[in-house]
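Reviewing the structure listed below.
The values are calculated or read from the model by the stated rules, or taken from the named source; none is laboratory data. Treat the numbers as computed from the prediction; the structure is a model and nothing was measured. Cβ sites come from the backbone with ideal geometry, for glycine too, and all protein chains shown count toward neighbours.
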Amino acid sequence: MPIPTEPIGSIPRPQYLLDGLADHAAGRIGLADLQELQDRALKDTIDRFEETGSPVITDGEQGKPSFATYPLDGFTALGPDGAVIPFADGHTRQLPVLTGGPFQYGTYADQYYRKAKEITGRPVKQPVIAPSALSLLYPGDGLPGYAKETFIDDLVNESEKDIRRCLDAGAPIVQLDFTEGRLSVKLDPSKGLLNTFVDLINTVLDRFSDEERARIGVHTCPGGDQDSVHSLDVDYGELLPSLFNIHAGRFYLQLASESDRAGVLDTVRTHSRADQLIFIGVTDPINPRVETPEEVRDQILQAIEYITPDRLGTCDDCGFSPFADDTSTPRDTAFAKIKARVDGTRLASESLGL
């Protein structure tokens, strides 16, 4: 079989949707008008995905406020002063903070999947946020009447529900976004925080069958927002051994932007299991230059020296616009990179006789 290739998730929103989001936030248009713009952007995104020849697509997250915060849309027990994530260029992103319980999702990701499947016959992969990211919502000084242990129980239940609803709706692949994995090593070099995150994810995934976990993947990267990252300075070797302890069947690894790809691939060979599929990033969303298909092919042929073809796939390093207001990557550039990934993966498959 040819080497599989998949996107990670987000696509930059068209300008009319960005304008609509600003108008809705300012009270100039209503929710129905905003949803009409989101539906228009969704249709255009899927059409353009199909034009690239991508065998698997996403909805581009056109309806999400961000890859991380969609479950909070409709949940009101939140304050503004949550965890701050600093990026290398000096900008930050801040999560909200929980102000009361019980915690429950206001929005589940299957609603995005169902909308996309009404438009396309292609397989649609559905990204969801990992429970580890949402665990950061709980305030450090606790909440009266709502213990952290109770919050974690609620979070595990809600994360399971989010994934299961997508699988039950027919999603062939559900991808947990775990960008906080590498960041956790930066915040806590002892890896205590990382191990806590891995245990939390496994608590959720252990509620699924082996067959279901084969359809569930985990994506990791050093962040990618406004052409900057939050943890590329952390040695990948500090993350990967623990990452492969997650009870998932598919792993999506940022790799195109790594300076020592061979070293990372060697770590993958050493620590990944034979039953784990490894999708390597072959396009860098925060680099404005569009990779050529030949460059993509050559990255894959390098990876074949470390990972057998039956376990190897390709992906983009990360989403192209994980937060709705990120306009650093033009929409046309994102689709050009996706087409290069698809074409380059085909070239590699042909070179290997697959």
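Just need a number here: residues in the range 92-118 that are among the charged types (D, E, K, R) and buried (at least 18 other Cβ atoms within 10 Å of the Cβ).
4
Please count how many residues of the range 1-17 are surrounded by 18 or more Cβ atoms within 10 Å (Cβ to Cβ), out of contact with any Cys (no Cβ under 9 Å at 6 or more places or on another chain) and not in a loop (DSSP other than H, G, I, E, B).
Filtering the range 1-17 for residues surrounded by 18 or more Cβ atoms within 10 Å (Cβ to Cβ) gives 3, 5-13, 17.
Still in the list and also out of contact with any Cys (no Cβ under 9 Å at 6 or more places or on another chain): 3, 11-13, 17.
Those still in the list that are not in a loop (DSSP other than H, G, I, E, B) too: 17.
Total satisfying the criteria: 1.
Between residues in the range 12-33 that are over 21 Å from Gln226 (Cα atoms) and residues that are outside any loop (DSSP other than H, G, I, E, B), which pairs lie under 6 Å by C-beta distance while being six or more apart or on different chains?
Listed pairs, sorted by first residue: His24/Leu34; Ile29/Asp23.
Pairs needed: first member in the range 41-65, closer than 30 Å to Phe75 by Cβ and free of Cβ contacts under 8 Å to residues at least 40 places away in the same chain; second member anywhere, outside any helix (DSSP H, G or I) and not aromatic (Phe, Trp, Tyr); C-beta distance under 7 Å; at least 6 residues apart or different chains.
Ala41/Arg13; Ala41/Pro14; Ala41/Gln62; Asp44/Pro14; Thr45/Ile11; Thr45/Asp59; Thr45/Gly60; Thr45/Gln62
Could you tell me whether Arg48 is at pLDDT below 95 and either of a type in the set (Lys, Arg) or under 15 Å from the mean Cα position of the chain (by Cα) (or both)?
Here the answer is no, as Arg48 does not meet what is asked.
Under 24 Å from Pro285 (Cα atoms), buried (at least 21 other Cβ atoms within 10 Å of the Cβ) and charged (D, E, K, R) - does that describe any residue in the range 239-255?
Within the range 239-255, one or more residues are under 24 Å from Pro285 (Cα atoms), buried (at least 21 other Cβ atoms within 10 Å of the Cβ) and charged (D, E, K, R).
For the range 151-168, indicate whether the set of residues that are outside any helix (DSSP H, G or I) and modelled with pLDDT of 95 or more is non-empty.
Among the residues of the range 151-168, not one is outside any helix (DSSP H, G or I) and modelled with pLDDT of 95 or more, which makes the answer no.
Take the residues in the range 120-149 that are touching a Pro at 6+ places or on another chain (Cβ under 8 Å) and assigned to a helix (DSSP H, G or I); name whichever of them is nearest to Phe197 (Cα to Cα).
Leu134
Here is a check on your reading of the model: is Asp89 in contact (Cβ under 8 Å) with a residue 12 or more places away in the chain and surrounded by fewer than 23 Cβ atoms within 10 Å (Cβ to Cβ)?
Yes, satisfied.
Here are some residues: Ile286, Ile246. Which one is in a loop (DSSP other than H, G, I, E, B), modelled with pLDDT under 95, within 19 Å of the chain's Cα centre (by Cα) and among the β-branched types (Val, Ile, Thr)?
On inspection, the qualifying residue turns out to be Ile286.
Cβ contacts < 8 Å: first residue surrounded by fewer than 16 Cβ atoms within 10 Å (Cβ to Cβ), restricted to the range 137-155; second residue of a type outside the set (A, V, I, L, M) and outside any loop (DSSP other than H, G, I, E, B), any location; separation 6+ or different chain. Result?
Between residues of the range 137-155 that are surrounded by fewer than 16 Cβ atoms within 10 Å (Cβ to Cβ) and residues that are of a type outside the set (A, V, I, L, M) and outside any loop (DSSP other than H, G, I, E, B), the close pairs are Gly142/Lys148.
Could you look through the range 176-197, keep only residues that are modelled with pLDDT under 95 and within 15 Å of the chain's Cα centre (by Cα), and pick out the one that is farthest from Glu212 (Cα to Cα)?
Among them, the one singled out is Leu183.
Out of curiosity, is Leu183 touching a residue at least 40 places away in the same chain (Cβ under 8 Å), on the phi < 0 side of the Ramachandran plot and not in a helix (DSSP H, G or I)? Spell out the reasoning first.
Numbers: touching a residue at least 40 places away in the same chain (Cβ under 8 Å): yes; on the phi < 0 side of the Ramachandran plot: yes; not in a helix (DSSP H, G or I): no.
Here the answer is no, as Leu183 does not meet what is asked.
Keeping to the range 304-354, report how many residues are assigned to a loop (DSSP other than H, G, I, E, B) and in contact (Cβ under 8 Å) with a residue 40 or more places away in the chain.
19
Provide a single number: the residues in the range 229-243 that are part of a loop (DSSP other than H, G, I, E, B) and either at pLDDT below 95 or among the basic types (Lys, Arg) (or both).
7
Given (1) closer than 25 Å to Thr314 by Cα; (2) at pLDDT 95 or above; (3) out of contact with any helix residue (DSSP H, G or I) (no Cβ under 8 Å at 6 or more places or on another chain); (4) not acidic (Asp, Glu), where does Phe67 come up short, assuming only one miss?
(2)
So Thr333 passes all but one of these: (1) surrounded by 18 or more Cβ atoms within 10 Å (Cβ to Cβ); (2) of a type in the set (S, T, N, Q); (3) under 22 Å from Asp225 (Cβ atoms). Which condition number does it fail?
Thr333 satisfies all of (1) surrounded by 18 or more Cβ atoms within 10 Å (Cβ to Cβ); (2) of a type in the set (S, T, N, Q); (3) under 22 Å from Asp225 (Cβ atoms) except (1).
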